[in-house]
Amino acid sequence: MTKTTLTISSKNYSSWSLRGWLMVKMAGLEFVELPIQTDTADARAELLLLSPSILVPCLTHNKVKVWDTLAIGEYLNEIAPKANLLPSNQVHRAHCRAICGEMHSGFSAMRSSLPMNIKAKIKSFKVWSKAEADIERIKEIWKHCLLTYKGPYLFGKHMTLADAMYAPVVMRFKTYGIELTPACMKYCEQIIANPFIKEWIEAAQAEPDDIEELEVEY
């Protein structure tokens, strides 16, 4: 049997690793994790958002190598259609792809000023105005999806690629104590309670290493 592997970085800090890993888990694919060392220049650049890395996540499956998180998600949807990684309805599917793409290419202010750090809990965090605009847009996306598709996930009863793309945002909101509406808070609780997310958080908390640049103090 061909070994399926997924190259990832720090579980505490790497939001893109979480997205790719969660997608593979949701697809039901058995795989081996290949962690890269976070003390290399390329890995630190990726974690600090200084360069668009192609190192992580990277999926190798049946001799096919796929990098870039959206490409991994689309590939998994094709090889595991029963996992329902995208909605079955064409219009809903287009909507899902649109908000995934928005997360993939946008929200740079939030991502840079609120780096993912699962182990940290920061009180009275002052959010930069540009990051606040990103946060408000994400809240609006969540509100619209939850009202339209009735939850508990963004597109209804099952997790889709959209939930995988926004899962690191849930981690960020928890770390920095971002104020949320009851509906958005309930969604965050739903994500955090997911068995896959619980597994990731447990592994993140067990990581011994810290990256000083990502240890924000205010």
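Points worth noting:
- Taking the chain and dividing mean pair separation by its residue count, relative contact order in percent (alpha carbons under 8 Å, at least six apart): 25 percent
- Projected label points at Glu140 and Trp67, each 7 Å from Cα along the beta carbon direction, are separated by 3.4 nanometres.
- In plain terms, the chain from His104 to Val32 could stretch by 23.5 nm, reckoned as 0.36 nm per residue minus the Cα-Cα distance.
- Mean Kyte hydropathy of 0.0 or more with a Cα span along the axis of at least 20 Å, helices from DSSP in the chain: 161-176
- Distance from the Cα centroid of segment 106-139 to that of segment 68-90 is 28 Å (rounded to whole angstrom).
- Cα centre as origin, Lys/Arg/Asp/Glu Cβ charges: segment 90-202 dipole, Debye: 100 debye
- Estimated inter-spin distance, Trp128 and Asn89, nm [label 7 Å along Cα→Cβ]: 3.8 nm
A short reminder: the numbers here are calculations on the coordinates, not readings from a lab. All of these numbers come straight from a predicted model, not from anything done at the bench. Cβ coordinates were reconstructed from backbone atoms using ideal geometry, including for glycine residues, and neighbour counts include every protein chain displayed.
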